[in-house]
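Each remark here refers to the structure printed beneath this line.
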Amino acid sequence: MEYRRLGKSGLKVSVLSFGSWVTFSTQADVALAKQMMATAYDAGCNFFDNAEIYAHGKSEEIMGEALAQLGWRRDSFIVSSKVMWGAVEDPKPTQRGLSRKHIYEACYQAMDRLQVDYLDLYFCHRPDPDVPMEEVVRTMTELIHRGDVLYWGTSEWSAQQLMEAYAVARQYHLIPPTMEQPQYNMFHRYRFEIEYGRLYDAIGLGTTIWSPLASGLLTGKYNEGVPDDSRMSLEGYEWLRKMMESDEGRRRLEKVKALATVADDLGTTMPRLALAWCLKNPHVSTVITGASKVSQVEENMQALTLVDQLDDEVMARIDTILDNRPEPVDFQ
Ligand code: NDP
């Protein structure tokens with residue numbers, strides 16, 4: 001495993017990490033969670049991602065119980081949660097959003113469900129237009145001062161919102177966000193590669209990227225149709241299937257088929273190729289992998305072995321197939 005600093009912080013996070021979003025929501029099984037997390041941990045993974053909204057708190061409960069049973073030393077792993085949409089179904093106004101009240105309560109509930117005394121990373125899952133930036137930054141700073149959170153971050157905030165948070169922190173001597181959690185994969189590039197472009201140096205932004213396999217599309221498993229045991233046949237995820245069956249989805253599938261020849265030529269698999277492609281970007285602090293089976297965790301944790309093979313020539317070949325390299329907007 002390789003470890004990268006989370007932005008300009010001193011925290012070393014494994015470049016491949018593990019997220020619980022769909023699997024801990026639909027399979028809700030502590031034994032399986034333990035197996036998957038242990039497989040990742042044994043491969044050197046030290047970061048486990050979660051959120052209050054995942055299965056309305058159930059995902060945190062499962063991960064917490066798995067962590068308790070696995071009995072790892074607390075100083076050997078990093079665990080996160082995210083706040084925004086609330087953990088209860090049909091939340092009341094005080095049970096969601098980024099108000100001081102909800103951030104505090106969500107933080108303590110997450111610690112309780114995860115069975116930990118503090119959260120290593122705590123994310124604002126989306127921006128909340130109804131809450132002043134100063135309230136959010138001040139609340140996160142307080143949680144850090146109390147020792148309940150070590151590093152705070154954002155997820156899918158615009159570059160402008162991130163700069164505003166940074167400016168507010170500087171103005172009031174508060175703590176700015178350390179990391180962002182954006183989507184980044186071969187099909188989703190603009191924000192990560194262009195919009196955030198200046199933030200990596202300017203504010204030392206770290207990143208924990210999500211859906212590196214575009215929900216599985218980039219594994220090639222959908223090339224010949226939708227397998228029964230895949231995410232796109234799950235109840236509640238019909239929106240994903242619709243995206244895949246759209247014109248753009250069909251174009252993407254054609255590209256995945258072409259990418260499979262690159263994987264073949266390199267003697268590797270599509271999941272490894274797609275994950276390694278993310279790892280090639282030095283602004284990625286960690287790639288949060290998702291899996292529904294232990295064998296997928298085993299497979300995905302191998303991605304690092306491929307990175308050195310992705311030289312300029314291979315990367316250019318991939319870019320030609322993808323045909324989606326984002327260009328900066330020229331306002332002149
Ligand atoms: P991916 O895009 O990597 O999709 C993971 C899914 O792809 C798996 O659940 C599995 O689904 C399939 N898959 C994974 N590996 C393989 C393999 N080797 N072979 C075949 N199929 C495979 O990541 P996720 O979308 O799960 O995102 C990862 C994490 O990022 C989440 O768990 C969460 O922690 C975080 N996240 C954060 C968001 C945010 O807004 N901040 C939003 C979304 C995710 P199946 O087998 O069921 O087909």
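Remarks
- Condition met for residue 150 (among the aliphatic types (A, V, I, L, M), within 16 Å of the ligand (Cβ to nearest atom) and either in contact with an Asp or Glu (Cβ under 7 Å, 6 or more places away or on another chain) or more than 30 Å from residue 71 (Cα to Cα) (or both)): no
- Taken over the stretch 189-212, the criterion of being in contact with a Phe, Trp or Tyr (Cβ under 6 Å, 6 or more places away or on another chain), within 16 Å of the ligand (Cβ to nearest atom) and not aromatic (Phe, Trp, Tyr) is satisfied by 209 alone.
- Any hit, the stretch 213-220, residues being outside any helix (DSSP H, G or I) and within 11 Å of the ligand (Cβ to nearest atom): yes
- Residue pairs meeting the criteria (Cβ under 6 Å; at least 6 apart or on separate chains; first more than 18 Å from residue 249 (Cβ to Cβ) and among the charged types (D, E, K, R), in the stretch 182-196; second in a helix (DSSP H, G or I) and more than 10 Å from the ligand (Cβ to nearest atom)): 195/159
- Extreme residue, nearest to the chain's Cα centre (by Cα), among residues of the stretch 286-332 that are of a type in the set (Ser, Thr, Tyr) and farther than 29 Å from residue 198 by Cβ: 292
- Qualifying position, being touching a Phe, Trp or Tyr at 6+ places or on another chain (Cβ under 6 Å), at negative phi and buried (at least 18 other Cβ atoms within 10 Å of the Cβ), among 98, 114, 121, 143: 121
- Scanning the stretch 289-300 finds no residues that are assigned to a helix (DSSP H, G or I), in contact (Cβ under 8 Å) with a residue 24 or more places away in the chain, crowded, with 18+ Cβ neighbours inside 10 Å and more than 13 Å from the ligand (Cβ to nearest atom).
- Considering only residues in the stretch 233-284 that are at pLDDT below 95, aliphatic (A, V, I, L, M) and part of a helix (DSSP H, G or I), the one that is nearest to the ligand (Cβ to nearest atom) turns out to be 240.
- Positions within the stretch 184-198 being under 15 Å from residue 159 (Cβ atoms) and either open to solvent by less than 10 Å² (accessible area, probe 1.4 Å) or out of contact with any strand residue (DSSP E or B) (no Cβ under 9 Å at 6 or more places or on another chain) (or both), in sequence order: 184, 189, 190, 192, 193, 194, 195, 196, 197, 198
- Residue satisfying condition, being within 16 Å of the ligand (Cβ to nearest atom) and of a type in the set (D, E, K, R), within set 100, 138, 96: 96
- Count - residues of the stretch 15-37 that are buried (at least 24 other Cβ atoms within 10 Å of the Cβ), among the aliphatic types (A, V, I, L, M) and either part of a loop (DSSP other than H, G, I, E, B) or at pLDDT below 95 (or both): 0
- Members of the stretch 44-67 found to be open to solvent by less than 10 Å² (accessible area, probe 1.4 Å), within 17 Å of the chain's Cα centre (by Cα) and of a type in the set (A, V, I, L, M), listed by number: 51, 63
The values are calculated or read from the model by the stated rules, or taken from the named source; none is laboratory data. Small disclaimer: the values here were computed from a predicted structure and weren't measured. Every residue, glycine among them, receives a Cβ derived from its backbone with ideal geometry; neighbour counts consider all protein chains shown. We work out accessible area using only protein heavy atoms, side chains counted, and drop any ligands, DNA or RNA first. Shrake-Rupley method; radii C 1.70, N 1.55, O 1.52, S 1.80 Å.
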